[in-house]
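Structure first, commentary second.
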Amino acid sequence: MNAAPEHGDRYGRLTVLAKVKTKEGRRRYRVGCECGYSGTLARKSHLNSGRMTECFKCSMNRSANEADL
């Protein structure tokens, strides 16, 4: 089993800021992106697997730029 993310750990462009619980009691991690956006909640499995490496804003910008090519 992969270790739980800790404050300050980096995953691509994301840095773990805090561990939080959702209203449903699920554990998530608040992460901040290099672009300055810090409103993203991530699952442990998404961070450890590399599935999530940037915030949705950066992801959308990258997708839009790739579509223009």
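Mind listing just one residue for me: the one in the range 23-69 that is of a type outside the set (S, T, Y) and part of a strand (DSSP E or B) and, of those, surrounded by the most Cβ atoms within 10 Å (Cβ to Cβ)? Across the range 23-69, the extreme among qualifying residues is V31.
Test L17 against the criterion of being open to solvent by 50 Å² or more (accessible area, probe 1.4 Å), touching a residue at least 12 places away in the same chain (Cβ under 8 Å) and in contact with a Gly (Cβ under 7 Å, 6 or more places away or on another chain), and give yes or no. Spell out how you get there, then give the answer.
On the way: open to solvent by 50 Å² or more (accessible area, probe 1.4 Å): yes; touching a residue at least 12 places away in the same chain (Cβ under 8 Å): yes; in contact with a Gly (Cβ under 7 Å, 6 or more places away or on another chain): yes.
So L17 fits the description; yes.
Taken together, the criteria place S38 among residues that are touching a Gly at 6+ places or on another chain (Cβ under 7 Å) and either of a type in the set (S, T, N, Q) or touching a residue at least 40 places away in the same chain (Cβ under 8 Å) (or both). Residues in the range 1-34 that are among the small types (G, A, S) and either in contact with a helix residue (DSSP H, G or I) (Cβ under 9 Å, 6 or more places away or on another chain) or closer than 17 Å to R51 by Cβ (or both): A3, A4, G12. Of the residues making up the range 11-22, those that are in contact with a strand residue (DSSP E or B) (Cβ under 8 Å, 6 or more places away or on another chain) and either closer than 15 Å to C58 by Cβ or assigned to a loop (DSSP other than H, G, I, E, B) (or both) are Y11, R13, L14, T15, T22.
For the range 1-14, what are the residues that are open to solvent by less than 80 Å² (accessible area, probe 1.4 Å), of a type outside the set (S, T, Y) and under 13 Å from the mean Cα position of the chain (by Cα)? First the steps, then the outcome.
Initial filter on the range 1-14 (open to solvent by less than 80 Å² (accessible area, probe 1.4 Å)): 3-5, 8-9, 11-12, 14.
From what's left, of a type outside the set (S, T, Y): 3-5, 8-9, 12, 14.
Listed by number, the residues that qualify are P5, G8, D9, G12, L14.
The values are calculated or read from the model by the stated rules, or taken from the named source; none is laboratory data. As the structure is a prediction and not an experimental result, all values here were calculated from the model. Using ideal geometry, Cβ is built from the backbone for each residue, glycine included, and neighbour counts are taken over all protein chains shown. Quick note on the areas: whole protein, heavy atoms, side chains included, nothing else; ligands and nucleic acids left out. Shrake-Rupley method; radii C 1.70, N 1.55, O 1.52, S 1.80 Å.
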